[in-house]
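Shown below is the structure under consideration.
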């Protein structure tokens with residue numbers, strides 16, 4: 001049997017230290033859930049943006065809810081820099097796991113397929129590989145002199161997004 005709960009009840013189940021995936025500002029922002037997380041004072045969240053973040057991430061950072069952020073970018077688009085994110089980067093108050101849009105999608109795809117990792121070629125030569133010890137450069141086992149990056153699966157505890165309609169079978 002599927003349990004249907006209101007948003008307030010759902011958000012109380014998100015504890016300190018939970019990893020949460022958040023969509024970009026242009027696609028299904030979960031602003032009401034973000035507001036409730038801030039009001040509850042949840043801390044030590046590990047946020048994964050899918051693949052980039054904006055206002056909801058900036059608000060969570062500003063409220064002291066985030067300890068680790070994995071993101072390809074955090075921006076307020078035409079409105080400029082995300083000020084709380086920018087301050088956090090300057091002060092080092094959160095740990096940033098810098099990524100790329102394809103890398104985040106590949107990590108989520110690995111989890112979706114039940115795989116421990118997903119290969120990705122496009123970031124070979126990027127400085128990011130140097131700063132991500134969890135990204136492993138390995139030679140392609142099917143071709144000589146063909147390096148490829150192995151990205152670990154990304155398995156968030158919770159994904160928060162707004163949907164106008166859903167059913168009890170999980171269709172959104």
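The values are calculated or read from the model by the stated rules, or taken from the named source; none is laboratory data. This structure is a prediction, so every number in the text was calculated from the model and none was measured. Neighbour counts run over all protein chains shown; Cβ positions are idealised from the backbone, glycine included.
Name the residue, out of 108, 160, that is under 30 Å from residue 6 (Cα atoms), touching a helix residue (DSSP H, G or I) at 6+ places or on another chain (Cβ under 8 Å) and touching a residue at least 12 places away in the same chain (Cβ under 8 Å). Show your work before the answer.
Values: 108 fails: touching a helix residue (DSSP H, G or I) at 6+ places or on another chain (Cβ under 8 Å).
The conditions single out 160.
Within region 91-160, which strands (runs of 3 or more DSSP E) (wholly inside it) include 3 or more residues that are over 24 Å from residue 65 (Cβ atoms) and at pLDDT 95 or above?
Qualifying strands (runs of 3 or more DSSP E): 117-120, 136-139, 147-152.
Would you check which residues across region 5-23 are within 18 Å of residue 58 (Cα to Cα) and touching a helix residue (DSSP H, G or I) at 6+ places or on another chain (Cβ under 9 Å) and list them?
Within region 5-23, 20, 21, 22, 23 qualify.
Is there a residue being under 25 Å from residue 45 (Cα atoms), in contact (Cβ under 8 Å) with a residue 40 or more places away in the chain, surrounded by fewer than 18 Cβ atoms within 10 Å (Cβ to Cβ) and in contact with a helix residue (DSSP H, G or I) (Cβ under 7 Å, 6 or more places away or on another chain) anywhere in region 133-152?
Yes, region 133-152 contains a residue that is under 25 Å from residue 45 (Cα atoms), in contact (Cβ under 8 Å) with a residue 40 or more places away in the chain, surrounded by fewer than 18 Cβ atoms within 10 Å (Cβ to Cβ) and in contact with a helix residue (DSSP H, G or I) (Cβ under 7 Å, 6 or more places away or on another chain).
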